[in-house]
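Presented below is the structure to which this report refers.
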Amino acid sequence: GGGATSASVSGLPNGLTFNASTHTISGSPTETGTFNYTVTTSGTCVQTSATGTITVNPDATISSPTNNIQSVCINTPITAIDYNIGGGATSTSVSGLPNGLTFNASTHTISGSPTETGTFNYTVTTSGSCIQTSATGTITVNPDATINSPSKNLQTICINTTITAIDYNIGGGATSASVSGLPNGLTFNSRTHNISGSPTETG
């Protein structure tokens with residue numbers, strides 16, 4: 001107003017524009033920081049100016065560590081997984097971890113020993129100002145090996161007489177089996193986990 005006929009601006013962040021006809025600042029800033037701007041009039045007589053401040057906060061960032069995918073045995077400690085956050089992120093939370101693992105919200109670290117088996121796809125999510133983000137990982141927990149104790153595992157027979165076959169069942173993390181201590185004449189089938197045959201020595 002007064003002797004002002006137009007105006008100009010200085011100090012705006014990139015992405016904002018000034019309409020010299022309506023004297024309006026608008027747009028979406030494309031850089032972060034604190035911007036102290038000045039709108040200055042031009043025209044007749046003494047001119048004047050007005051100032052303002054626009055603070056542009058960054059979107060959240062989170063790292064994706066190289067050890068975010070791990071495979072361990074049950075009740076065995078994982079290698080600690082550390083996440084780094086930045087930008088508009090001020091804290092984090094996690095979902096999808098197996099029982100036995102914990103998440104330290106102060107250091108953004110996953111650690112511990114899983115107490116259940118399976119494949120667990122977890123997500124670490126940031127919170128704070130502006131647009132938030134997340135990072136994912138996978139922890140595969142394998143079971144310990146199991147083997148049954150068949151009822152026929154104790155036998156007394158005569159030499160050169162066929163034993164009643166002894167069948168073992170394996171499971172969990174077991175993929176194969178071997179045997180030691182058998183008398184000569186008995187064999188172990190590593191495919192069926194079966195002991196059979198006729199012993200040729202006494203003892």
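The values are calculated or read from the model by the stated rules, or taken from the named source; none is laboratory data. Everything quoted here is computed from the prediction, not taken from an experiment. We place every Cβ from the backbone using ideal geometry, glycine too, and count neighbours over all the protein chains shown. Only protein heavy atoms, including side chains, enter the accessible area calculation; ligands, DNA and RNA are left aside. Shrake-Rupley method; radii C 1.70, N 1.55, O 1.52, S 1.80 Å.
For the stretch 166-190, a tally of residues being open to solvent by 40 Å² or more (accessible area, probe 1.4 Å) and under 14 Å from I147 (Cα atoms) returns 11. For the stretch 167-194, a residue qualifies if it is touching an Asp or Glu at 6+ places or on another chain (Cβ under 9 Å) and assigned to a loop (DSSP other than H, G, I, E, B), and the qualifying residues are G173, A174, P183, N184, G185, T192, H193.
From the set of residues in the stretch 49-65 that are at pLDDT 95 or above and exposed (fewer than 13 other Cβ atoms within 10 Å of the Cβ), which is nearest to F120 (Cα to Cα)? Going through the qualifying residues, I end up with T55. Residues that are of a type in the set (S, T, Y) and open to solvent by less than 60 Å² (accessible area, probe 1.4 Å) within the stretch 11-23 are absent altogether. Residue pairs whose Cβ atoms lie under 6 Å apart, separated by 6 or more positions or on different chains, with the first residue in the stretch 60-75 and over 25 Å from T90 (Cβ atoms) and the second among the hydroxyl-bearing types (S, T, Y) and exposed (fewer than 14 other Cβ atoms within 10 Å of the Cβ), are I69/T138. If you go through the stretch 1-10 and keep only what is open to solvent by 50 Å² or more (accessible area, probe 1.4 Å) and either of a type in the set (D, E, K, R) or assigned to a loop (DSSP other than H, G, I, E, B) (or both), you end up with G1, G2. Counting residues in the stretch 32-46 that are surrounded by 11 or more Cβ atoms within 10 Å (Cβ to Cβ), farther than 28 Å from A135 by Cβ and either among the aliphatic types (A, V, I, L, M) or in contact (Cβ under 8 Å) with a residue 40 or more places away in the chain (or both) gives one or more.
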